[in-house]
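Colleague: Just passing along the structure, written as structure tokens.
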Amino acid sequence: MEEKRPKVGVGVFVIKEGKFLFGKRKNAHGEGSWALPGGHLEFNEELEECSKREVMEETGVKIKNIKFGTITNDMFKEEGKHYITVYMISEYDEGDVRIMEPHKCEEWRWVEWEDIPSPVFLAMQNLRKTDFHPLK
């Protein structure tokens, strides 16, 4: 039997004019909650490349000036999932925000850190318990 280990998730802050992109999840764990664009880090993939790929796949926009933010240790006990979430910070570069994966996301919205919608995805709940701030 395969040993259970955490997976690596990447959440990307796409920042534009003091706000960042936030999406409402569907058909996945955390359905109905709000989260950053992102996904799984692929084998042999750099964090910056994962960030670019996931943001483009989910929102249709290009990002630039990508850097590491922080991490959280996220245990989704009810779903039997465990992730190490790596947060990357980027700037919006170009493109129109679109729902590229309508089976996974209901809506994208530009939000401010102090005014994010609820309910919030578990990884973001854990991030907000820290002193991390994506715009500082």
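Only the coordinates and a few stated rules stand behind these numbers; no lab work does. The structure presented is a predicted model; accordingly, all values stated were derived computationally and were not measured. Positions of Cβ are backbone-derived with ideal geometry, glycine not excepted, and every protein chain shown enters the neighbour counts.
Colleague: Can you pull out the residues in segment 49-82 that are of a type in the set (A, V, I, L, M, F, W, C), over 23 Å from Arg5 (Cα atoms) and touching an Asp or Glu at 6+ places or on another chain (Cβ under 8 Å)?
Modeller: Those that are of a type in the set (A, V, I, L, M, F, W, C), over 23 Å from Arg5 (Cα atoms) and touching an Asp or Glu at 6+ places or on another chain (Cβ under 8 Å): Val61, Ile63, Ile66.
Conditions (1) of a type outside the set (A, V, I, L, M, F, W, C); (2) touching a residue at least 24 places away in the same chain (Cβ under 8 Å); (3) touching a helix residue (DSSP H, G or I) at 6+ places or on another chain (Cβ under 6 Å), marked per residue:
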| position | (1), (2), (3) |
| --- | --- |
| Glu2 | yes, no, no |
| Val12 | no, yes, yes |
| Arg25 | yes, yes, no |
| Asn44 | yes, no, no |
| Glu78 | yes, no, no |
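Colleague: Give the residue, chosen from Thr72, Thr130, Thr85, that is more than 13 Å from Val8 (Cα to Cα) and of a type in the set (S, T, N, Q).
Modeller: Numbers: Thr72 fails: more than 13 Å from Val8 (Cα to Cα); Thr85 fails: more than 13 Å from Val8 (Cα to Cα).
Sole residue among the options that is more than 13 Å from Val8 (Cα to Cα) and of a type in the set (S, T, N, Q): Thr130.
Colleague: Of all residues in segment 112-124 being under 18 Å from Tyr87 (Cβ atoms) and loosely packed, with under 14 Cβ neighbours inside 10 Å, which is farthest from the chain's Cα centre (by Cα)? Walk me through it before giving the result.
Modeller: Kept after step one, since they are under 18 Å from Tyr87 (Cβ atoms), are these residues of segment 112-124: 112-114, 116, 120-124.
So of that shortlist, the ones also loosely packed, with under 14 Cβ neighbours inside 10 Å come out as 112, 114.
Details: Glu112: 15, Glu114: 17 Å.
Going through the qualifying residues, I end up with Glu114.
Colleague: Limited to segment 57-76, what total is found for residues that are in contact (Cβ under 8 Å) with a residue 24 or more places away in the chain, out of contact with any Pro (no Cβ under 6 Å at 6 or more places or on another chain) and more than 16 Å from Met124 (Cβ to Cβ)?
Modeller: Number satisfying all stated conditions: 8.
Colleague: Leu135: within 26 Å of Glu3 (Cα to Cα) and in contact (Cβ under 8 Å) with a residue 12 or more places away in the chain, yes or no?
Modeller: When the stated conditions are applied, Leu135 does not pass them.
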